[in-house]
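Below you'll find the structure, written out as structure tokens, and then a few comments.
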Protein chains: 2
Amino acid sequence: MTMSKPYVVGIDIGGTNTVFGIVDARGTIIASGSIKTNKFNEVEDYVNELHTELFRLLEQNNATDKIMGIGVGAPNGNYFNGTIEFAPNLPWRGVIPLAQMLTDRFGIPVSLTNDANAAAIGEMTYGAARGLKDFIMITLGTGVGSGIVVNGQLVYGHDGFAGELGHVIVRPNNGRLCGCGRTGCLEAYTSATGVARTAREFLEVRNDPSSLRQIPIQDITSKDVYDAAITGDKLALEIFDYTGKILGEAFANFIAFSSPKAIILFGGLAKAGDLILKPIKEAMDRNTLNIYKGKVKIMFSELKESDAAVLGASALGWEAK
Amino acid sequence: MTMSKPYVVGIDIGGTNTVFGIVDARGTIIASGSIKTNKFNEVEDYVNELHTELFRLLEQNNATDKIMGIGVGAPNGNYFNGTIEFAPNLPWRGVIPLAQMLTDRFGIPVSLTNDANAAAIGEMTYGAARGLKDFIMITLGTGVGSGIVVNGQLVYGHDGFAGELGHVIVRPNNGRLCGCGRTGCLEAYTSATGVARTAREFLEVRNDPSSLRQIPIQDITSKDVYDAAITGDKLALEIFDYTGKILGEAFANFIAFSSPKAIILFGGLAKAGDLILKPIKEAMDRNTLNIYKGKVKIMFSELKESDAAVLGASALGWEAK
């Protein structure tokens, strides 16, 4: 990175909002803005608005000629093709050549990947994974995503879609139905919606008291479970134990694949801290093959959640070509 | 590889025999030899004998000054350290700095890795994986091993021990006891001994006729199951279906990790051909996430089994430093 181009732009595309920011080499967000993603049925209109707003931000910050590259994190983003492919939560159907569309508008190199990969790159560039060459990033949000780094490089696989660890099947028999149409996926148990579902299952099957019973059962969220757990609610604590156990078992298998130095957790559920960390570690230790035992750290992301998505995407901008 | 050093040496260390060969750049084994591994309680004596015999072979073939490097495949071999660490099936305890010991004796660079990784490198250099940048090698023998290639590079992980896919836990509940001390590992079901165990379980629990009942139950091997299956024995065929299903389910999860272009099978069980391939493919297709469906080939190794171990190890010799 030369001093004449000291900044990158990060764009995080979510189903509801698109957030973008100008970022320097230390990971400081100089300025940021956002537009509504779901206001635009046509991707061309979306790109027009994004161009207008981002260009305004660049001008305001005297940065129009200072951008090394633009990085984009998007659901179902494909790094090899710079496309968003069949993203169920975005308004645009089919395959969207977004990186090319943005390059055409800005005249700046654009690199695009999926949101979990962007998070991993962000963590490697600015966060908890600085200096790590082998780690796995697990994003625990509405879904469960992952970005895998091996020997200092993101694992993209032959088609750019590697690293869907939320859709590893962890319960081969009688598993829960997952949003992907299969059963028993990690995501069906350990996403925010998976935790809420565990709560409903526990409450329906069992009789022990819990402050969660004051909430209409269909309205219970993972946040409610957390709130109950920190007051010491036994059933809520057991929900975290159950969730952590499934994560820890899955992590033990991931370790046998790439033998990472660390597994880094990010997203809503990661905020539960020791409530989720303790059962994860216990299950991981119990299920990890001897040669790996005690070698793998479980860490939380060091990036502020509100900034992490933009920072992650922006990190990709440094290597855009 | 310069023409002045047109050969490499491959050494495959097994629990019983050590086989070595001089190999050219096309993967032709110019000459080979072997010594007994388990005859030597002291690794120093073993290295002396290996040096004597290999040096003799080099002299006979006028190749003493023509070796680019020596590659070694060994159980529990660590690529980073050039060591064999706590190998349960070898006579030597603890950590053996074998690469250094051989370099000292031969004055030639030596590179060492585990046997399954060596097989993957062999397949990439001379076999079915030529030109592939993302694939997984699965060795189905007495145990189940794996070598994972991502973006053209072997995955070693932070400690050199990545890729123990035989010890991914595929049955988290009530799984079979594995040689590693845990339960439910892929190896416990799909190794040669795992298949024999399935046969015993099926024969004990069920009453349907099978030619396998003519063999004393404790003596049944995976070879017996194969022999019965090719004559159309229904129970034997079901044993292959059962084994293939577990492999296919596991492969679907591996695909979500590294999205390989191919999974390559090697070893005794791979010789069963369609008997094992068909149930693998069915279970894999049924369990693979949509975005990967139809993209991943299952292939058999293209290396002759008797040569593959030496070829695989030798391939490492080209990059030894």
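Below, the figures for the structure above:
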{"read-out": "Selection from segment A:265-296 of residues that are basic (Lys, Arg) and within 23 Å of A:Asp115 (Cα to Cα)", "value": "A:Lys271"}
{"read-out": "Residues (among the small types (Gly, Ala, Ser) and surrounded by 24 or more Cβ atoms within 10 Å (Cβ to Cβ)) located in segment A:144-175", "value": "A:Gly145, A:Ser146, A:Gly147, A:Gly157, A:Ala162, A:Gly163, A:Gly166"}
{"read-out": "Count of residues meeting criterion [without any contact (Cβ under 8 Å) to a residue 60 or more places away in the chain and under 23 Å from B:Thr28 (Cα atoms)] in segment B:118-148", "value": "3"}
{"read-out": "Selection from segment A:238-290 of residues that are in a loop (DSSP other than H, G, I, E, B) and within 11 Å of chain B (Cβ to nearest Cβ)", "value": "A:Ser259, A:Pro260, A:Lys261, A:Thr288, A:Leu289"}
{"read-out": "Test: residue in segment A:214-223 that is of a type in the set (A, V, I, L, M) and within 30 Å of B:Ile148 (Cα to Cα)", "value": "no"}
{"read-out": "Any hit, segment B:302-310, residues being more than 14 Å from every other protein chain (Cβ to nearest Cβ), over 25 Å from A:Ala250 (Cα atoms) and in contact with a Leu (Cβ under 8 Å, 6 or more places away or on another chain)", "value": "yes"}
{"read-out": "Unmet criterion (only one of (1) surrounded by fewer than 18 Cβ atoms within 10 Å (Cβ to Cβ); (2) farther than 18 Å from A:Glu164 by Cα) for A:Phe86", "value": "(2)"}
{"read-out": "Meets criteria (out of contact with any Cys (no Cβ under 8 Å at 6 or more places or on another chain), surrounded by 22 or more Cβ atoms within 10 Å (Cβ to Cβ) and outside the structural domain of B:Ser146 (by TED's automatic domain parsing)) for B:Gly15", "value": "no"}
{"read-out": "One residue from A:Ile22, A:Ile30, A:Ile35, A:Ile11 being part of a strand (DSSP E or B), at pLDDT 95 or above, aliphatic (A, V, I, L, M) and within 16 Å of A:Pro97 (Cα to Cα)", "value": "A:Ile11"}
{"read-out": "Total residues in segment A:291-301, condition more than 10 Å from chain B (Cβ to nearest Cβ), hydrophobic (A, V, I, L, M, F, W, C) and either without any contact (Cβ under 8 Å) to a residue 24 or more places away in the chain or in a helix (DSSP H, G or I) (or both)", "value": "0"}
{"read-out": "Residue identified as more than 20 Å from the chain's Cα centre (by Cα) and either surrounded by 14 or more Cβ atoms within 10 Å (Cβ to Cβ) or under 16 Å from A:Ile70 (Cβ atoms) (or both) among A:Val47, A:Val23", "value": "A:Val47"}
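The rows are residues; the columns are (1) at the interface with another protein chain (Cβ under 8 Å from one of its Cβ atoms); (2) over 27 Å from A:Arg171 (Cβ atoms).
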site	(1), (2)
B:Asp159	yes, yes
B:Ala162	yes, no
B:Gly184	no, no
B:Glu187	no, no
B:Ala196	no, yes
B:Phe202	no, no
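The values are calculated or read from the model by the stated rules, or taken from the named source; none is laboratory data. As the structure is a prediction and not an experimental result, all values here were calculated from the model. Here the Cβ is made from the backbone with ideal geometry for all residues, glycine too, and neighbour counts use every protein chain on show.
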